[in-house]
Amino acid sequence: MQEIDRSLGTLSLEQIVRFSGAVQDFNPIHYDDAFAQGRGLARSRIAQGPLTYLLALDALVAANGVARIGSFAVAA
């Protein structure tokens, strides 16, 4: 198994907003820092769970190849 590239860095607000539009998830916790902090988040907005899932899956496929990924699941 190859080393997984962990250099993704911080997601931009534009990336999160574009994903919000793609999946029709317009919860302000994903794009409004003040709203997110007002809901108890320590720093700021957070990316959607499905976006985080897809980024993790993309990193696994990049490191191992799609043929070696039999399944991928996340427990809620």
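Remarks
- Leu8 among the hydrophobic types (A, V, I, L, M, F, W, C) and either outside any loop (DSSP other than H, G, I, E, B) or at pLDDT 80 or above (or both): no
- If you go through the range 32-54 and keep only what is of a type outside the set (Gly, Ala, Ser) and exposed (fewer than 15 other Cβ atoms within 10 Å of the Cβ), you end up with Asp33, Gln37, Arg39, Leu41, Arg43, Pro50, Thr52, Tyr53, Leu54.
- Neighbours by Cβ (under 9 Å, 6+ apart or cross-chain): first from the range 20-43, in contact (Cβ under 8 Å) with a residue 12 or more places away in the chain and over 17 Å from Leu54 (Cβ atoms); second hydroxyl-bearing (Ser, Thr, Tyr) and loosely packed, with under 11 Cβ neighbours inside 10 Å: none
The values are calculated or read from the model by the stated rules, or taken from the named source; none is laboratory data. On a predicted model such as this, the values are computed, not experimentally measured, just so you know. So basically every Cβ, Gly included, is an ideal-geometry build from the backbone, and we count neighbours across all protein chains shown.
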